[in-house]
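Have a look at the structure below before the remarks.
The values are calculated or read from the model by the stated rules, or taken from the named source; none is laboratory data. Just so you know, these numbers come straight off a predicted model, no measurement behind them. In this analysis, Cβ positions are derived from the backbone assuming ideal geometry, glycine residues included, and neighbour counts consider all displayed protein chains.
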Amino acid sequence: MALQQLTEEQIRTWTRREKDEWWLKNVYRGDMPQLTIRSGLTGFLLGGVLAATALYIAAKTGITIGVGLTSVILAFAIYRILNGAGLAQDFTILENNCTQSIATAAGYTVSWLTAGLSAYMLITGVIVPWWQIMVWLVVVASIGVLIAFPMKRRFINEDQLPFPEGRASGVVLDALYHGAAGAGMFKARLLGVVALGTATWQALVSDGWMNLIQFKLLRMHQWAGMKDPWTVHERLDTYYYQASGAALKILNTDIRTLGLRLTLDAAMLGVGGLMGIAVATSCLLGAFINFVVLAPLMIERGDIVQRVLANGTVVPLSRAEIVNQWSLWWGVAMMVAGSLTSLLAKPELFTAMFKSLRGSGAKPAAAAGPDPLAHIELPLWLSWVGVPILSLLGAWVTHVFFGVPMFLALVSLPLIFVLTVICTNSMALTSWTPTGALSKITQFSMGAIDRSNPASNLLPASMTGEIAANAANLLSDIKPGYMLGGKPRHQAAGHVIGLFAGVTACVPLYFLLFLPPDANGVRSTATIVSDQFAFPGALQWKGVAEIIAKGVSALPTSAVIAMAVAVVAAIAIELAKVFTKGRFPLSSVSIGLGVVLPPESTFAMFAGALMFWLMGLRHKAPGTRAHAIWVEGAEPICAGLISGSALMGIGNAIINVLIG
């Protein structure tokens, strides 16, 4: 069924009441099942699993992957199979849309965990109790939900803004349920086959899984004399070093110390496929400049050295030491300068904000009379009452849990509305939420007031950014429901369910993966950042907080010079993208990301992006099986690579905790 929409003339001239009446008559699907027990439960379970994979990938790469289309395809396939087996009725299109809303909301909990929260714990050395993390996330995200729905009436009902990512989900859902079911099942099978193959590979390279299979199940230590489990080396260059023993060096520094390893990381191949060749190339360029050129030079100069702890222990040089001692500063400078320049280069976002604040002026928002959608929209009084109460509660828990002065927590609250309007306009027009850049505005503003306490800038910035991102992303999720004729109240309830799904899945997993107890049962923030989990998002937030607290004068002269060059380069790159209308191939933010990521992950992401780019060029012609696999099926393949690898990696961590 073709999706119905208003013409440009109707959007421009009709009042909101006229648009709402048209939608109610022509699009609304009445009492078609939407938020049912099974759609809620399916969304909760899918959301938890997909949010866990998103947490795993964000900790490794700093990139928060979207789970919306993946959840749509999986939910469709699950109930189509169950229906074929006579075990359950097929999902309705609105049940699937509600499941997608729940699953994507679950994924929104990841960003703060791997950025602001981790940065706070890295700086302070304080491990925040799990229940405080849960309470803070629920309170702050709920504010975003209540802010979003009054804005929904303006941005979606009245202005009919596109929200490209949300519209894509609506189009996919319409296609699946009205003519392209075969294509949907093909993509689901593709995702499943790739995930299964990836999971098998990940098991072969995982010590926990091999320990479980070889020793606990097969008892090979008893009858085969094995002492250690056999695994495939994920770092392929290990086989070279085992065979030759010859170390490869750059300026007398072993390339392994620089993190230059060749790793077959399936998840990073999938992430690279999703990010595209331009972004992946920029990440690779940043890694090359830093780890092949600058880091060896700085080690040779003595600006990067082995540290000696207070107890006399010598900390050997490693990739993490290189980043923390020197590289972090120019990488962060490039990311912050690039993201702010990119934001300021889009004045339409700010003009749209002022337009939103003052009203369109060309026509009344709605004609006099009762609201035709009052019986299905979320009541506005919930927002007018709930936002002030929850905002004060959010400021209070930020003060109590993290030691942020109450005054600063309250001062940051007015920024929430402004940043949310900017984020929503950006999401509506481009499917991009500039929360990274906008949160730095709050971080620097609060830091200017209180430089002594890093929590004073980290947490208010986290709160404003999290609320703005939640509201903007929720509106993107509401868009397909509006296109398909769903009930807004059900989507609001679904978003809250998804929030609890994400918190329930991700907070315990955060402690398991990144804060495991030692032999004495003691947890330490020193385990958060590791060779496996680089936490580039947290390092960026931490770097900004430390610059605010210490000032650049505390850094080595070479690091300050590198920061200045990085800022100029970032501005030049972003302006080049503006003047070439986006055709300039580099991204300053991605170059900075390549600095803080392990080079082996950056290379794997580039390999994945290059593979999908080349296959896309080779199989351009639609209608062929190769095109269906490599072009139309690119996202399911990437989702299979990521989910298969991430879920087995999470399982490996659980096994290591349980069986040692």
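Checking the structure you have, find out if any residue of the stretch 43-57 is closer than 17 Å to Met185 by Cβ, assigned to a helix (DSSP H, G or I), under 32 Å from the mean Cα position of the chain (by Cα) and not aliphatic (A, V, I, L, M).
no
List pairs: first in the stretch 639-660 and closer than 12 Å to Trp209 by Cα, second of a type in the set (D, E, K, R), Cβ under 8 Å, 6+ apart or cross-chain?
That search, which allows pairs on different chains as well, returns Asn652/Asp207; Asn656/Asp207; Ile659/Lys216.
Look at the stretch 217-249 and say how many of its residues are assigned to a helix (DSSP H, G or I), more than 24 Å from Ile642 (Cα to Cα) and within 36 Å of the chain's Cα centre (by Cα). Walk me through it before giving the result.
Taking the stretch 217-249 as the starting set, the residues that turn out to be assigned to a helix (DSSP H, G or I) are 217, 220-223, 237-244.
If we keep only those that are more than 24 Å from Ile642 (Cα to Cα) as well, we get 217, 220-223, 239-244.
Pick out the ones that are also within 36 Å of the chain's Cα centre (by Cα) and you get 239-241.
Going through the stretch 217-249 one residue at a time, the tally reaches 3.
Have a look at Ile591, Ile571 and point out the one that is closer than 28 Å to Gly302 by Cα, of a type in the set (Val, Ile, Thr) and at pLDDT 90 or above.
Details: Ile571 fails: closer than 28 Å to Gly302 by Cα.
Selected residue: Ile591, the only one of Ile591, Ile571 that is closer than 28 Å to Gly302 by Cα, of a type in the set (Val, Ile, Thr) and at pLDDT 90 or above.
Considering only the stretch 283-323, how many residues are among the charged types (D, E, K, R) and free of Cβ contacts under 8 Å to residues at least 40 places away in the same chain? Even if it seems obvious, please write down each step before you answer.
To start, the set of residues in the stretch 283-323 that are among the charged types (D, E, K, R) comprises 300-301, 303, 307, 319, 321.
With the extra rule that they be free of Cβ contacts under 8 Å to residues at least 40 places away in the same chain, the set shrinks to 307, 321.
So the answer is 2.
Enumerate the pairs (first residue in the stretch 266-282 and more than 18 Å from Gln202 (Cα to Cα); second residue anywhere and outside any helix (DSSP H, G or I) and polar (S, T, N, Q)) with beta-carbon separation below 7 Å, excluding pairs fewer than 6 apart on the same chain, so at least 6 apart or on different chains.
Here the result reads Ala278/Ser587; Val279/Ser587; Ser282/Ser587, each pair linking the stretch 266-282 to a residue that is outside any helix (DSSP H, G or I) and polar (S, T, N, Q).
For residues that are surrounded by fewer than 16 Cβ atoms within 10 Å (Cβ to Cβ) and not charged (D, E, K, R), tally how many sit in the stretch 184-203. Spell out how you get there, then give the answer.
Just the residues of the stretch 184-203 that are surrounded by fewer than 16 Cβ atoms within 10 Å (Cβ to Cβ), to begin with: 189, 193, 196-197, 200.
From the residues that got through so far, the ones that are not charged (D, E, K, R) too are 193, 196-197, 200.
Counting residues in the stretch 184-203 that are surrounded by fewer than 16 Cβ atoms within 10 Å (Cβ to Cβ) and not charged (D, E, K, R) gives 4.
Could you count how many residues in the stretch 317-375 are modelled with pLDDT of 75 or more, among the hydroxyl-bearing types (Ser, Thr, Tyr) and part of a loop (DSSP other than H, G, I, E, B)?
Counting residues in the stretch 317-375 that are modelled with pLDDT of 75 or more, among the hydroxyl-bearing types (Ser, Thr, Tyr) and part of a loop (DSSP other than H, G, I, E, B) gives 1.
Would you mind stating whether Glu158 is farther than 22 Å from Ile642 by Cβ, touching a residue at least 12 places away in the same chain (Cβ under 8 Å) and buried (at least 20 other Cβ atoms within 10 Å of the Cβ)? It would help to see each step written out before you state the result.
Details: farther than 22 Å from Ile642 by Cβ: yes; touching a residue at least 12 places away in the same chain (Cβ under 8 Å): yes; buried (at least 20 other Cβ atoms within 10 Å of the Cβ): yes.
Taking the combined requirement at face value, the residue satisfies it.
Report the residue count in the stretch 251-294 for those that are buried (at least 24 other Cβ atoms within 10 Å of the Cβ), among the aliphatic types (A, V, I, L, M) and over 23 Å from Ser588 (Cα atoms).
2
What tally of residues in the stretch 5-38 results from selecting those that are under 16 Å from Asn97 (Cβ atoms), touching a residue at least 60 places away in the same chain (Cβ under 8 Å) and part of a helix (DSSP H, G or I)?
Final tally of qualifying residues: 1.
Cβ-Cβ distance below 6 Å, separation of 6 or more or different chains: which pairs start in the stretch 431-454 with a residue that is acidic (Asp, Glu) and end on one that is buried (at least 24 other Cβ atoms within 10 Å of the Cβ) and at pLDDT 70 or above?
Asp450/Ser456
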